[in-house]
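Let me begin by presenting the structure, written as structure tokens, before commenting on it.
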Amino acid sequence: MLKGHFRKGNKAVFDIGSRSFTISEELRRRLKIRNVLLAFFTVIFSFLYFKAGEKYQDILLKEAGGKVILEGISLSFMFLLALLLMFLTVSAFLIPKNLQEHLTEYEESFY
């Protein structure tokens with residue numbers, strides 16, 4: 001579910017790797033909501049990261065001491081950790097636990 005994408009032209013078909021599935025309308029709606037929330041929170045976290053890192057923009061690397069470099073690196077790791085936690089929590093809340101009930105194997109028909 002994390003690596004899949006909707007097929008162009010047929011939004012009820014979800015491709016995961018080399019396999020295709022027909023998904024229920026509820027799961028399709030949840031995946032769209034998940035994508036919108038992930039985009040929204042990514043923009044918010046990026047803005048907060050930019051604001052928190054403004055004080056480091058005017059410091060040259062030659063002038064920066066070990067403490068300043070450590071603060072900058074820890075701020076970057078906190079940003080990445082926040083993005084990871086946001087992705088996991090939003091996905092955990094919106095992707096149902098009974099996923100098999102919402103998926104059926106898609107059969108290609110060539111005419």
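The values are calculated or read from the model by the stated rules, or taken from the named source; none is laboratory data. Just so it is clear, the structure is predicted and the values come from calculations on it, not from any experiment. We place every Cβ from the backbone using ideal geometry, glycine too, and count neighbours over all the protein chains shown.
When the residues of the stretch 7-37 are filtered to those that are of a type in the set (Lys, Arg) and more than 20 Å from LEU88 (Cα to Cα), which remaining residue is surrounded by the fewest Cβ atoms within 10 Å (Cβ to Cβ)? Out of the qualifying residues, it is LYS8.
Of the residues contained in the stretch 61-71, none is found to be under 22 Å from LEU31 (Cα atoms), of a type in the set (Asp, Glu) and surrounded by 10 or more Cβ atoms within 10 Å (Cβ to Cβ). Taken over the stretch 99-111, the residue count meeting the criterion of being of a type in the set (A, V, I, L, M, F, W, C) and surrounded by 10 or more Cβ atoms within 10 Å (Cβ to Cβ) is 2. Against the test of being within 19 Å of LEU83 (Cα to Cα) and modelled with pLDDT under 90, the options LYS32, LYS11 yield a single qualifying residue, LYS32.
In the condition set (1) surrounded by 14 or more Cβ atoms within 10 Å (Cβ to Cβ); (2) aromatic (Phe, Trp, Tyr); (3) out of contact with any strand residue (DSSP E or B) (no Cβ under 6 Å at 6 or more places or on another chain), PHE50 is compliant with all but (1). For the stretch 72-98, a residue qualifies if it is among the hydroxyl-bearing types (Ser, Thr, Tyr) and surrounded by 11 or more Cβ atoms within 10 Å (Cβ to Cβ), and the qualifying residues are SER76, THR89, SER91.
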